[in-house]
Structure formats: C-alpha cells, structure tokens
1. Sorting check: for 43-56, 117-130, 15-28, which peptide has the highest mean count of neighbouring beta carbons within 10 Å, and how do the rest follow?
2. Between 133, 149, 62, which gets the highest mean-square fluctuation from a Gaussian network model of the chain, Cα cutoff 10 Å?
3. Under a GNM of the chain (C-alpha, springs under 10 Å), which listed residue has the highest mean-square fluctuation: 110, 163, 37?
4. Please state the relative contact order of the chain as a whole percent: Cα pairs under 8 Å, 6+ residues apart?
5. Per residue, what accessible area does region 1-76 have, given a 1.4 Å probe and all protein chains present, in Å²?
6. With a point put 7 Å past each Cα toward its Cβ, work out how far residue 142 is from residue 155 in nm, to one decimal.
7. What distance in nm separates the simple spin-label points at residue 36 and residue 19, each placed 7 Å from Cα in the Cβ direction?
8. Could you list which residues have their amide H under 5 Å from that of residue 36, counting only those 5 or more apart in sequence or on another chain, with H placed in the peptide plane?
Amino acid sequence: MLRYNVADLLRSAPGTSERHHVAVATLPIAEGVDLADPVRGELRLTHTGRGILAQGTVHTALAEQCSRCLRGAKAVVHAEFEEEALPSVDLDGASLPADDDGPDGLRISDHHELDLEPVVRDAISLAEPIAPLCRPDCPGLCETCGVDLTENAGHEHPADDIDPRLAALVGIREQLKLN
C-alpha cells in the first residue's frame, strides 16, 4: 500500500523528512501491463513548508512480449519520481484554498493521508521499455517466413528468390568474388 499519514510531518519544521521502504506485491499499472515482480524501493517525504515533497526510486519487472521473437519477456524497470503534494485542509480541519497547481496536482487528503499509488504507477509506466527484449542478443524472426531464429540458428532461404530487376547485381557480385 502506498498511502502514508503525513499529519506529524506537516506539524514538524520545514525541512524535516521521513524515509520509507516501498514493498508492494500488486499494483495495477495500465491495461495489458502486468507486474512480473513486486515493486520495491525507497521513498523520502520532506516537509516543504507548504506541503510534502515525495521523492523516490522504485524497481520492478513487467511481464512483456519480446519485440523481436514475440516470446514472453521480463522487462526490468527502474523509475524515479519527485512530486509535491499540497494539503486540502489544515491540521485543524479547515479547508485550504486551491493553489495555482489546479485540480490535477497531487493533494493530501482530508485525513492527512498522501496516496502515492498514482505517482508510482505513472513513473513505472513512463519507464516501461518501448521495445522489450527477452535477451539482448535475441535474433528474432525470419523476415521471409517468420520462423523463430532462436530455435533455428542456421535457417536460410535459397538465393534464387531474387527480384528479376536485381538479377544483374547478382552477376556483378559473383564477378567481384572471382577477382
């Protein structure tokens, strides 16, 4: 759970901070994106005088599909975030005016709880690799027939499948090999 009560931190002097260990077994990231490992990391909450600055680093792995061979892959993700959350009520329960950050800014709840799940979810989503690989040297699929080149390393196609417009170049290549 990524929800923290920050009432004591808001009562403290500006610059006071707390450290927390992050360990979350499940976290909905996005549609079609599943965790392969739990989310782990470190979090620092600092009183800024007007709110709470949340800084953190999280690590996890996502269950992905290799972009070359289409097999299942595990994409390791390291994400950092830094967000300032502003209180919606003061410590006595009186409502505070909305800040210039607008309604989209991170807010501390009426119960002085800071929910960092959306922040962590967004950080992981932004760190997700564009083209995940099952391994760095994945050969992928054959361009011609689609066979998996991991299982068929010596896979080749006959050279007679040459476009007739390029046949003259084959003759030149053969002449160069003889010289």
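The values are calculated or read from the model by the stated rules, or taken from the named source; none is laboratory data. Keep in mind it's a predicted model, so treat the numbers as computed, not measured. Glycine gets a Cβ as well: all are built from the backbone with ideal geometry, and neighbour counts include every protein chain shown. Note: areas computed on protein heavy atoms with side chains; ligands, DNA, RNA excluded. Shrake-Rupley method; radii C 1.70, N 1.55, O 1.52, S 1.80 Å.
1. 43-56, 117-130, 15-28
2. 149
3. 163
4. 20 percent
5. 54 Å²
6. 0.6 nm
7. About 3.0 nm, to one decimal.
8. 61, 62, 63
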